[in-house]
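Taking it in order: structure first as structure tokens, then the write-up.
The values are calculated or read from the model by the stated rules, or taken from the named source; none is laboratory data. None of the values given here were measured: they were computed from a predicted structure. FYI the Cβ positions are ideal-geometry reconstructions off the backbone, even for glycines, and counts take in every protein chain you see.
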């Protein structure tokens, strides 16, 4: 059996996150939006018409910290 690449794993979890948001009434407007400042995985509009920016993180274990510790403010 062929091992899934990290890019494929990332896309899969981005899809899970998008489905989660949609089930809660959000409308996904952009996926993998890129600009000079970088890239954001999902942009959505929630039921209250607020703009939501989502950076999807996945870790197979907490050996090096959880997903939150993998996000930096820059």
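Miscellaneous remarks
- Test: residue 25 is in contact (Cβ under 8 Å) with a residue 12 or more places away in the chain and on the phi > 0 side of the Ramachandran plot: yes
- Subset tally (residues that are in a loop (DSSP other than H, G, I, E, B), at pLDDT 95 or above and surrounded by 11 or more Cβ atoms within 10 Å (Cβ to Cβ)) for the stretch 18-74: 3
- Residue under evaluation residue 9, criteria (1) without any contact (Cβ under 8 Å) to a residue 12 or more places away in the chain; (2) over 11 Å from the mean Cα position of the chain (by Cα); (3) in a helix (DSSP H, G or I), criterion not met: (1)
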